[in-house]
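The values are calculated or read from the model by the stated rules, or taken from the named source; none is laboratory data. This is a predicted model, so every value here is computed, not measured. Positions of Cβ are generated from backbone atoms using ideal geometry, with glycine treated the same way; all protein chains shown enter the neighbour counts. Quick note on the areas: whole protein, heavy atoms, side chains included, nothing else; ligands and nucleic acids left out. Shrake-Rupley method; radii C 1.70, N 1.55, O 1.52, S 1.80 Å.
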Amino acid sequence: MPVGLHHLRYFVAVAEEGNVSRAAGRLHIAQPSLSAQIRYLERTIGTPLFSRHPRGVELTRAGALFLAEARKSIQAADAAIAAARSASRDETGTLRVGFIIGTQVEATSRVLSTFRQRYPAAELQLAEYTFSDPSAGLNNGQVDIAFIMPPISHNGLSIQEIYHVPRVAVISAGHRLACRATISVHELFDDPWIVAETSDTICRDFWLAAGHRAGQPAKLGQTTKSIDKFIQLAIAGQVVGLAAAWVEDTFGRPGIRFIPVVDIEPAVTAIAWHPSTLTPLAKRFLAIATGRGP
């Protein structure tokens, strides 16, 4: 039987007490058993570690050297155990992840897949949000971390952009610009625009291209919380609007056109979180999303 950590703990207790009986009481084991373990340790090492006398024991020179190293080994083992237990606690539990419509893209799927592989003991709860809450549940504390499409209104969120795609104009196949390869956003300003049903004016104005209208109000059409309704209204020729370029792959169908817009900011997918309430699991998820994880 090799020397184990328990042998080192027994040895240190005897060395510190200077007496086998007191050490046995401290360790809550029988004195004969402790004496046998110390003798086994000395036989295995090949040299006496204690000199015995009627009042107890004293360290030999070899024992004094062994004591210093034994303490280091015990401290290292205790630190390793504590680290493993801490990691285990941090890698279990539930992580609530919010998604705003439009963030189910390759980059976010890759983050989710990597997280599941690295932390299989963690439970992922995914929640999808409409345009009515562009923070995807973060502003009201319903989720721990979220994929959003900034800019949005918020109070103290941290936001890290992770994915950019161009924005396209969404128009009917019968629209006057439907045959164009590209367009300027200004060419759409005479049309009624789809309006996101949200109280977040920053988000709504971004998708209305408010920053490009030189202070002129947009011509507003119908409202929507979903991309599906937007597409149906655009096919009917009732509205135009902007969308992320990936929308064409998912929602392309007869009657609709997606035209690249040359003079508009891209659509951004970002990871967002509250710095003051970031849980250990959320920190691991964030590290993967931002490429800072192991």
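Is it true that some residue in segment 46-62 is more than 14 Å from ALA15 (Cα to Cα) and either modelled with pLDDT under 90 or assigned to a helix (DSSP H, G or I) (or both)?
Taking every residue of segment 46-62 in turn, at least one turns out to be more than 14 Å from ALA15 (Cα to Cα) and either modelled with pLDDT under 90 or assigned to a helix (DSSP H, G or I) (or both).
Scan segment 161-179 for residues that are at pLDDT 95 or above, in a strand (DSSP E or B) and in contact with a helix residue (DSSP H, G or I) (Cβ under 8 Å, 6 or more places away or on another chain) and report the count.
Total satisfying the criteria: 5.
Could you please let me know if TYR163 is within 27 Å of LEU233 (Cβ to Cβ) and crowded, with 18+ Cβ neighbours inside 10 Å?
Judged against the criteria, TYR163 is a match.
Does segment 80-100 include one or more residues that are closer than 30 Å to GLY255 by Cα, in contact (Cβ under 8 Å) with a residue 40 or more places away in the chain, open to solvent by less than 50 Å² (accessible area, probe 1.4 Å) and in a loop (DSSP other than H, G, I, E, B)?
no
Which of the residues that make up segment 258-294 are outside any loop (DSSP other than H, G, I, E, B) and among the charged types (D, E, K, R)?
LYS283, ARG284
Residue-by-condition table, conditions (1) under 23 Å from HIS164 (Cβ atoms); (2) open to solvent by less than 40 Å² (accessible area, probe 1.4 Å); (3) hydrophobic (A, V, I, L, M, F, W, C):
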| residue | (1), (2), (3) |
| --- | --- |
| GLY102 | yes, yes, no |
| ALA107 | yes, yes, yes |
| ARG116 | no, no, no |
| ALA121 | no, no, yes |
| GLN125 | no, no, no |
| LEU138 | yes, yes, yes |
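Table: residues versus (1) closer than 25 Å to GLU128 by Cβ; (2) touching a residue at least 24 places away in the same chain (Cβ under 8 Å).
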{"position": "VAL143", "(1), (2)": "yes, yes"}
{"position": "ASN155", "(1), (2)": "yes, no"}
{"position": "TYR163", "(1), (2)": "yes, yes"}
{"position": "HIS186", "(1), (2)": "no, yes"}
{"position": "PHE189", "(1), (2)": "no, yes"}
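Filter segment 222-236 for residues that are in a helix (DSSP H, G or I) and hydrophobic (A, V, I, L, M, F, W, C) and give the result.
Those that are in a helix (DSSP H, G or I) and hydrophobic (A, V, I, L, M, F, W, C): ILE227, PHE230, ILE231, LEU233, ALA234, ILE235.
Just to be sure I understand, how many residues within segment 223-282 are open to solvent by 10 Å² or more (accessible area, probe 1.4 Å), of a type in the set (Ser, Thr, Tyr) and touching a residue at least 24 places away in the same chain (Cβ under 8 Å)?
The number of residues fulfilling the criteria is 5.
Would you please name the residue that is nearest to ALA68 (Cα to Cα), looking only at residues in segment 1-38 that are aliphatic (A, V, I, L, M) and touching a strand residue (DSSP E or B) at 6+ places or on another chain (Cβ under 8 Å)?
Top of the filtered list is ALA15.
Could you say whether any residue in segment 197-220 is open to solvent by less than 80 Å² (accessible area, probe 1.4 Å), touching a helix residue (DSSP H, G or I) at 6+ places or on another chain (Cβ under 9 Å) and part of a strand (DSSP E or B)?
No, segment 197-220 contains no residue that is open to solvent by less than 80 Å² (accessible area, probe 1.4 Å), touching a helix residue (DSSP H, G or I) at 6+ places or on another chain (Cβ under 9 Å) and part of a strand (DSSP E or B).
Can you find a residue in segment 32-55 that is farther than 30 Å from ILE288 by Cα, within 44 Å of the chain's Cα centre (by Cα) and crowded, with 18+ Cβ neighbours inside 10 Å?
Within segment 32-55, none of the residues are farther than 30 Å from ILE288 by Cα, within 44 Å of the chain's Cα centre (by Cα) and crowded, with 18+ Cβ neighbours inside 10 Å.
Does GLU16 meet the test of being acidic (Asp, Glu) and open to solvent by 60 Å² or more (accessible area, probe 1.4 Å)?
yes
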